[in-house]
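Please read the structure below before turning to the comments.
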Amino acid sequence: MNPQDPLAALKPIHLPPDPSWWPPAPGWWLLGLTALLMLSALLWWLQSRRRAAAPRREAWRVLEQIEALHDPTEQLRELNQLLRRAARQVHGPEAASQAPGAWARFLSRTAPPELAEADWTSLAELAYRPQTPERCGEYLALGRAWLRSNL
């Protein structure tokens, strides 16, 4: 041995084995559990939004079918029925089972503010007296606006 080099007398360093990837550290378990909980909460939220939007999607689908009809009287009769079904869905069963006068006041009360003064009475009485075809577009626009504001 060389008295001048004390490090030469040391044995070589033995490194510990590399850490294995399994089982993961507790922090990784916590991160995985948090990610799983967040994913399940996101899926639940998306499903509940989809369920809540189902009546709106159905109303728009039916409204498109109504607009595709060729008979204006039939269009307006179906529009009135669609508005009653939507009112029953949103405001309860008593909302849609009203006589034409009360139904018109209900539509006016629940309409957007800019349409509160519209001719809701004629729309409510469509089942009892036919309207002229030239007013059909106006009533369809009123119905669309009412559905947009209530659904």
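The accessible area of Glu78, taken with all protein chains in place and a 1.4 Å probe, comes to roughly 60 Å². Please list, in order, the residues from the stretch 76-100 whose amide nitrogen is less than 20 Å from a point placed 7 Å along the Cα→Cβ vector of Thr121. Counting backbone N atoms under 20 Å from the label point, the list is 77, 80, 98-100. The modelled label-to-label distance between Ala141 and Asp18, using points 7 Å beyond Cα along the C-beta direction, is 7.2 nm. Only helices enter this figure: runs of n ≥ 4 DSSP H residues, each worth -39500 (n - 2.57), summed and divided by the residues of the chain, yield -21500 deg cm²/dmol at 222 nm to the nearest 500. Per-residue surface analysis assigns Leu151 an accessible area of about 40 Å², computed on protein heavy atoms at 1.4 Å probe radius. Largest to smallest in accessible area, the residues Ile66, Ile13 fall in the order Ile13, Ile66 (1.4 Å probe, all protein chains included). The candidates Leu33, Leu7, Leu69, Leu123, arranged from most to least accessible area with a 1.4 Å probe in the full protein assembly, appear as Leu7, Leu33, Leu69, Leu123. The alpha carbon centroids of the stretch 1-58 and the stretch 83-151 are separated by 58 Å.
For the stretch 20-151, a crude dipole built from +1 on the beta carbon of Lys and Arg and -1 on the beta carbon of Asp and Glu, taken about the Cα centre, is about 580 debye to the nearest 20. How high is the FRET efficiency between Arg57 and Leu33 when r is their beta carbon distance and R₀ equals 35 Å, given to the nearest 0.05? The calculated FRET efficiency here is 0.50.
Measuring nothing but how far apart in sequence close Cα pairs (under 8 Å, 6+ apart) lie, relative to its length, the stretch 71-123 scores a relative contact order of 25 percent.
Note on Arg148/Glu64: beta-carbon distance plugged into 1/(1 + (r/R0)^6) with R0 of 22 Å gives a FRET efficiency of 0.95. Ignoring any ligand, DNA or RNA, what whole percent of the accessible area of the stretch 6-48 comes from carbon and sulfur when the probe is 1.4 angstrom? Summing carbon and sulfur atoms, their accessible area is 79 percent of the total for the stretch 6-48.
On the full set of protein chains, 1.4 Å probe, figure out the accessible area of Leu140 and give it in Å² to the nearest 10. Surface accessible to solvent at Leu140 totals approximately 20 Å². The largest accessible area among Trp103, Trp60, Trp21 belongs to the first residue in Trp21, Trp60, Trp103, and the rest follow in falling order (1.4 Å probe, all chains).
A 1.4 Å probe run over the chain, with the rest of the protein chains in place, finds 72 Å² accessible per residue.
Using the Cβ-Cβ distance between Glu114 and Ala41 with R0 set to 41 Å, the FRET efficiency from 1/(1 + (r/R0)^6) comes to roughly 0.60.
Looking at Leu147, Thr110, Ala99, which one has the Cα that reaches farthest to the positive end of the dipole of the chain (charges on Cβ: Lys, Arg +1; Asp, Glu -1)? Selected residue: Ala99. With contacts taken as Cα pairs under 8 Å and at least 6 residues apart, the chain reaches a relative contact order of 22 percent.
The values are calculated or read from the model by the stated rules, or taken from the named source; none is laboratory data. Just so it is clear, the structure is predicted and the values come from calculations on it, not from any experiment. Here the Cβ is made from the backbone with ideal geometry for all residues, glycine too, and neighbour counts use every protein chain on show. When the accessible area is computed, the model is the full protein with side chains, heavy atoms only, and any ligands, DNA or RNA have been set aside. Shrake-Rupley method; radii C 1.70, N 1.55, O 1.52, S 1.80 Å.
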